[in-house]
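Working notes for the structure below.
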Amino acid sequence: MTHFRYTLLGRLLADPMAVVAIVIISGLVLAAIFADVIAPHDFRAMNMADRFAPPSWHYWLGTDNLGRDTFSRLLQGGRIALYVAMTAVSISALIGLVLGMLAGFGPRWLDNTLLFFFDTLRAYPTIILALALAALLPRGLSTVIIVVVVTSFSEYGRVVRTQTLSLKNAEFILAERAMGASFGRIVFHHILPNVLGPFFILAAMNLPVVITIEAGMSFLGIGVPPGTPSWGATLKDGFDFIRTTPWIILSGGLPLILVTLGFTFLGEALRDQLDPKLRKGR
Amino acid sequence: MTKTLEVERLSVTYATREGGLQALREVSLEVPAGQIVGIVGESGCGKSTLIGALLHLLPENATRTGGSIRLADEEIATASPRRLRDLRGQDMSVVFQDPMTSLNPVISIGRQMRDIQYRDRIGHAEKNDRAAAMLARVGMPDPKGKLSAYPHELSGGMRQRVAIAMAAMMMPKLLIADEPTTALDATLEIQIIELLKEIQKEIGCAILFISHHLGVIAELCDRVVVMYAGEVVEEGAVEEVFLRPAHPYTQKLIECDPGRLKRKVASLPSIPGSLPDLTNPPAGCIFRARCPYATDICIERPPRVTLTPPHWAACHHAQEVHG
Amino acid sequence: MNTPILSLRDVTVEFPGVSGLRALFTPSGQRRVQAVAGVSLDVAAGETLAIVGESGSGKTTLARAINGLVPLAAGEVWFDGTPLHDRSDWREVRRRVAMMFQDPVGSLSPRKTVRDLLLEPFAIHGMPSNGREETALRLLQDAGLGADFLNRYPHELSGGQARRVGVARALALGPTLVLADEPTAGLDVSIQGEILNLLNGIKVSHGLTTVIITHNLNILRHIADRVAVMYLGRIVELGPVEDILTSPVHPYTQALMAANPEPDPTARRKRLALRGETPALNDRPSGCEFHSRCPMARPDCAVRAPELAPSRTGGIVSCHYPLPAISEVS
C-alpha cells in the first residue's frame, strides 16, 4: 500500500542528517558489541615498558600511565556507556511515561501533586544530586543508573503530561468515551500511540546526555569502580597527564563527541519527520 | 472604469513530496474602484493562496510561476519589500478571519492604532483622537476608554470591529476581507456585513471579500468571482451570476445551498465526485469529471465565453448553461 | 405525540467560572456559571429535534449532558423509561445512544485505520463481530463508501468521507437515539446534501430518534421535525420546524432566522439587526435575559422573567410579548 519512501525509515534515509546519525550510531553499537573481536590488545593488560606510548601502528591511540591500550579500553568503555544509557533511559522513560499519562489524564489533584514532584526533582542541579546519591549508595554502575533515572524521568513525565493533556479533550477521545470505551482502552489504544512520537525524540536526545553523566561521574571519581574502562575514567586518567601526554584525554573525548553528535542528529531528524508542522512541503 | 486591482494569469505552485501542486493556474480577475467584489469557492479552490499571493504572504514552499498583480496600475507582484511595506496598510489593508491573529495580544488597542499612523506627522494626542473617532465609527461603545484595552478583553465581534477600524484607518484603496465573518455568530455576521457596506461608502475604497458563504456574498457584493480547483470559472455582476449562472459549477453550487429551497425536499442536491489532483491536473476543463454538461469537447481547454459584460464563464457550454 | 423516548427535566450544567486561587476571593455564587440552565424537553420515538443557538447558548453542552459526557448539576434525563442522571454504569446506554461530533476528521482516532475504527465499537462492548472483515465492509457500504477505504487513516480522508465513517461507527451497534453535534460542520456546501441525505436515509431505515445540534439554519427544514431555540443556556422557543422558520414567536428566533442571508441577491433587505452581542454567562441580564438585545423590549422586560408557556404555534415560548402570526417586518 504505502510506498517505502513515505514510511518513517524511508523518509529518514532521504535526510542526509539522519543518514550521518544512523552511520555513527550503528558504528558505535557494532564496535561495542564486537569489542572483544576488534580490540587489538587485552584492555586490562598492563605493559609497563610501553607506559605513555604515543599513538602508533601498534597502539592506535597510545597507552595510559599503566601501559594499557587506550583504543581497546575505549571499545570496552563503549559497552559500558551503551549499557548504562540504554538501561537508564529505558527505566526513566518508562517511569516518566506512566507518571506523565497519569498526571495528564488523572484528576486535577493528582496532576498538581505529580507536577510539583517533577518540578522539585528538576530544581536540583544534576551534579549536586549525583554527588548526594553517590555518597549514600555504593560505588558502581547501578548507582550511576539510579542517579540518571532520578534526574531525568521527570523530563519525560512533563513531556508526556503535556501531550496527554492536549489529547484529553480532543474530539476523538470524547468520541471514544461516548462509545463506552474503558479508561484503559482510551489510554493504551488512543492516547499512548499519539504521545510516543515526541517521547522517542526526547529519548534519542537524552541518550548522549546520560552517557556524559556517566562519564562526568566517573571523571569525578564517583562513577564506576577504579580500573573499569569507562570513557569518563579514561578522561580522568588523561586529565592527570594532560601536560605531558595529551593524546589520552583527546582520544577519551572522541567517542563522547561522536555519540553526542550521532544521537542529537537522530533526534533532530526524528523530530523533523514526526512533527507535521516542521515537515517540508505538505 | 478604473481598476483598483487587476490580477492577470497568476499562477502559484507549492512544492510538495508528491510534486508541484498547482494551487493557482492562470487566475485573472479585477476589482473596479469603489466596488465590493466577492470571491466564492469551496475548500481547495485556491482562495487562501490568492490572498497570500496578493499580500506576498505565501508559505516558503510556494512560488509564483507567472502572472501579474496590479494595484492601481502599479505592478506589485515584483515589488521590492520596501515598496510593499509602504503599500500594506497605506494602499491595501486586510481583515482576517480571526482578529486575534492580526492584533498584537500584548499591546493596547490604542497604541496599535496610533502605530499604524506612523507615517503621519501629527502629535500623539491627535493620533489618539483619530483612533477613538475610528472606533466610534465602527460602533465600539466607549471608544476613548477602549483605547487602553487589550485584544483579549474584547469579545470576538468587538475584536473584528477593531480589526476593521484599523484596516480602514489609513483610507486604503483596497480592503481585503478574508472570511471576516466566518468565526462569528449569525446575528453578529450581519452586523459586520452592514458595517463593511457603510465603511465602503464612506471611504470609497474597493473591497475584495472572500467567503464560502453564498448568502453573505449575495447580500454584500456587487461582483462575484467563482473559483474552483485553482481556477476562476466565472466572474460577473452578482445578480447575473447568482440568477443566471453560466458555468455548471456555479449553477450546481447555488443549487446545493439548502437555504435556497423553500420547501422540504426528499433528496438534497450535491455535486458528486471530488476535487481533481492538483499535482497532476487533468487536461481541458477542470470541472469535466463532475460536470453533467460534459461532452467530448471538454477535453480541450475551455474558452472564456462573455455573456452580459462583465459576466463571463470558462466553459464550452456556457451559452447552454446560461439558458 | 407518542411516549417520549428521551425526556429532560430542568437539566442544569455548571462549569467553574473561575479557578485556582482566584476562587478563594470570589463570592460563592459567582464561582460557577450555568452553561445549561434548566432545560426541559421531550423527544418522541422516531422524531428529529434540532437544537439551534449561537455560541454560548449551551447547545453542545446540553447534548453532552444527555449521555453523561459532562455531569449534571441538577435535573433529570430519562431515556426509554430509565434514568440517566446519577448513573454509574453507562455501558448499556453507550450502546443505545450514539453520538456524532463536530469535527469530521478530528473525531476519529488519528492512528487507527478505518477498519479498526469501525470494529472498535464491537470490541468495546465485547460483542462478537462475526466475520470482522464483512462487518466492517457492510458498515462502510451502508455509509456509502467502498472497500478501498478500509486501510486508510483519518488524515487520508476528505471531510465528507470522514463524516461517513463517523456515521458508520455511530450505527455499528444499532442505536436507538443518535445525538449529532453539527453534522454539517467542516463540510463544503456541495457535499452537505449527500451527508444530510445519508442521515435522513438511515433515520428511516434504522427507525432512529435523532437530536441534531446545529447553527446551520439552512438545513433545518430538511432534517428536523421540531426545533428548540436556545439562548444563554435556556430554551426560549420550541415548535414545529416550519413555524420556527416562517412564523417565529420569540423575537430572538425571528432575529436569528432573519440573520441568515440567502443566496439570492434580489432578496436583500434592511433587516432588524440585533443590538450588541450575547452577554457572558456570568453576567446574565435581569428579568428576561434577552431584553438587553431585544428590539421589542418594554420596560418591564428588564424586571420580570418570562416563563415558558404554550405558544400560538403549538410549541412553547418564553416571552412577555410574543410576536403575532403575521410578523413580516418590512
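Computed from the coordinates by the stated procedures, all read-outs in this text should not be read as laboratory data. Owing to the predicted nature of the structure, the values given are computational and were not obtained by experimental measurement. Glycine gets a Cβ as well: all are built from the backbone with ideal geometry, and neighbour counts include every protein chain shown.
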Exercise. What's the local net charge at B:LEU71, with K and R +1, D and E -1, over the other residues with C-beta under 10 Å away?
Worked result: -2
Seminar exercise, completed: Summing +1 per Lys or Arg and -1 per Asp or Glu among the other residues with Cβ less than 14 Å from B:THR101's Cβ gives -2
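Could you work out the relative contact order of chain A, using alpha carbon pairs under 8 angstrom and six or more residues apart, expressed as a whole percent?
24
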Problem set entry | Selected from B:LEU58, B:LEU196, B:LEU208 as most flexible by GNM, with chain B as the system and alpha-carbon contacts under 10 Å | B:LEU58
Problem set entry | Top positive-direction residue, dipole computed over chain C with Cβ charges, set C:LEU137, C:LEU49, C:THR61 | C:THR61
Seminar exercise, completed: Per residue of C:153-162, other chain Cβ atoms within 10 Å number on average 1
Exercise. In degrees, nearest 10, range 0 to 90: what is the angle between the Cα axis of helix C:159-171 and the longest Cα principal axis of chain C?
Worked result: 80
Exercise. Which ordering of A:MET46, A:MET101 is given by a fewest-first count of other beta-carbon atoms within 10 Å?
Worked result: A:MET46, A:MET101
Problem set entry | Cα gyration tensor category, rounded, prolate or oblate, for the stretch A:1-148 with a/c compared to 1.5 | oblate
Exercise. Out of A:MET86, A:MET17, A:MET48, any idea which swings most in a Gaussian network model of chain A, alpha carbons joined below 10 Å?
Worked result: A:MET48
Seminar exercise, completed: Percent of all Cα-Cα pairs per 10 Å bin for the stretch C:89-215, counting from 0 up to the last occupied bin, reads 13, 47, 35, 4, 0
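Just from its helices, what would the mean residue ellipticity at 222 nm be for chain B, if runs of 4 or more DSSP H residues each count -39500 (n - 2.57) and the sum is divided by every residue, rounded to the nearest 500 deg cm²/dmol?
Numbers: 12 runs with 107 residues, N = 323.
Per the formula, -9500 deg cm²/dmol.
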Seminar exercise, completed: The rounded separation in angstrom of the Cα centers of the stretch B:269-312 and the stretch B:43-89 is 26
Exercise. Can you pick out the pairs among B:LYS173/B:LYS201; A:LYS168/C:LYS203; B:LYS262/C:LYS59; B:LYS197/B:LYS262; B:LYS3/B:LYS201 whose Cα atoms lie more than 21 Å from each other?
Worked result: A:LYS168/C:LYS203; B:LYS262/C:LYS59; B:LYS197/B:LYS262
Exercise. What residue among C:SER88, C:SER292, C:SER109 shows peak mean-square fluctuation when chain C is described by a Gaussian network model with Cα springs under 10 Å?
Worked result: C:SER88
Seminar exercise, completed: The long-range amide H neighbours of B:ILE207, using H built 1.01 Å from N in the peptide plane and a cut-off of under 5 Å, are B:GLN35, B:ILE36, B:VAL37, B:LEU175
Seminar exercise, completed: Once phi for every residue in the stretch C:278-285 is put through the Karplus expression 6.51 cos²θ - 1.76 cosθ + 1.60 (θ = phi - 60°), the whole-Hz ³J(HN,Hα) values, with Gly and Pro written as x, are 4, x, 6, 5, 8, 9, 5, x
Seminar exercise, completed: With -39,500 (n - 2.57) per DSSP H segment of 4 or more residues and division by the full residue count of chain A, the 222 nm estimate, nearest 500 deg cm²/dmol, is -23000 deg cm²/dmol
Problem set entry | Averaged over C:216-229, number of beta-carbon atoms from partner chains that fall within 10 Å | 3
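With a ≥ b ≥ c the root eigenvalues of the C-alpha gyration tensor of the protein assembly as shown, is it rounded (a/c under 1.5), prolate (a/b larger than b/c) or oblate? Each step should come with its number before you reach the end.
Values: a/c = 1.90, a/b = 1.59, b/c = 1.19.
Prolate, because a/c is 1.5 or more and a/b exceeds b/c.
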Exercise. Can you pull out the trypsin sites (Lys or Arg not before Pro) in the stretch B:195-227 that DSSP calls coil and that have at most 11 other Cβ atoms within 10 Å?
Worked result: none
For this session: Quick one: which residues, 5+ away or cross-chain, put their amide H under 5 Å from the amide H of C:MET100? H built at 1.01 Å from N.
Result: C:LEU179, C:ALA180, C:ASP181
Exercise. Counting other C-beta atoms within 10 Å, which of C:TRP78, A:TRP247 has the fewest, and how do the rest follow?
Worked result: C:TRP78, A:TRP247
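Would you mind counting up the charge near B:GLN191? Only other residues with Cβ under 10 Å from its Cβ, with Lys and Arg at +1 and Asp and Glu at -1. Each step should come with its number before you reach the end.
Numbers: positive: B:ARG161, C:ARG275; negative: B:ASP185, B:GLU189, B:GLU194, C:GLU277.
Summing Lys/Arg as +1 and Asp/Glu as -1 gives -2.
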Seminar exercise, completed: For chain B, the longest principal axis of the Cα atoms and the Cα long axis of helix B:186-203 enclose an angle in degrees, to the nearest 10, of 70
For this session: Kyte-Doolittle cut-off -1.0, length cut-off 24 Å along the helix's own axis using Cα: show which whole DSSP H helices in chain A pass.
Result: A:16-33, A:70-105, A:141-168, A:192-219, A:247-274
Problem set entry | Sorted by Cβ density within 10 Å, fewest first, the residues A:ILE257, A:ILE95 | A:ILE257, A:ILE95
Problem set entry | Farthest toward positive dipole pole in chain C [+1 Lys/Arg, -1 Asp/Glu at C-beta], among C:HIS222, C:VAL36, C:VAL317 | C:VAL36
Seminar exercise, completed: Everything considered on the Cα gyration tensor (a ≥ b ≥ c; rounded for a/c under 1.5, else prolate if a/b is larger than b/c, else oblate), chain B must be described as prolate
Exercise. Averaged over A:178-189, how many beta carbons belonging to a partner chain fall within 10 Å of each residue's beta carbon?
Worked result: 5
Exercise. What is the dipole size for the protein assembly as shown, taken about its Cα centre, with +1 at each Lys and Arg Cβ and -1 at each Asp and Glu Cβ, in debye to the nearest 20?
Worked result: 1240
Seminar exercise, completed: Rounded to the nearest 10, the angle in degrees between the Cα long axis of helix B:124-137 and the longest principal axis of the Cα atoms of chain B comes to 50
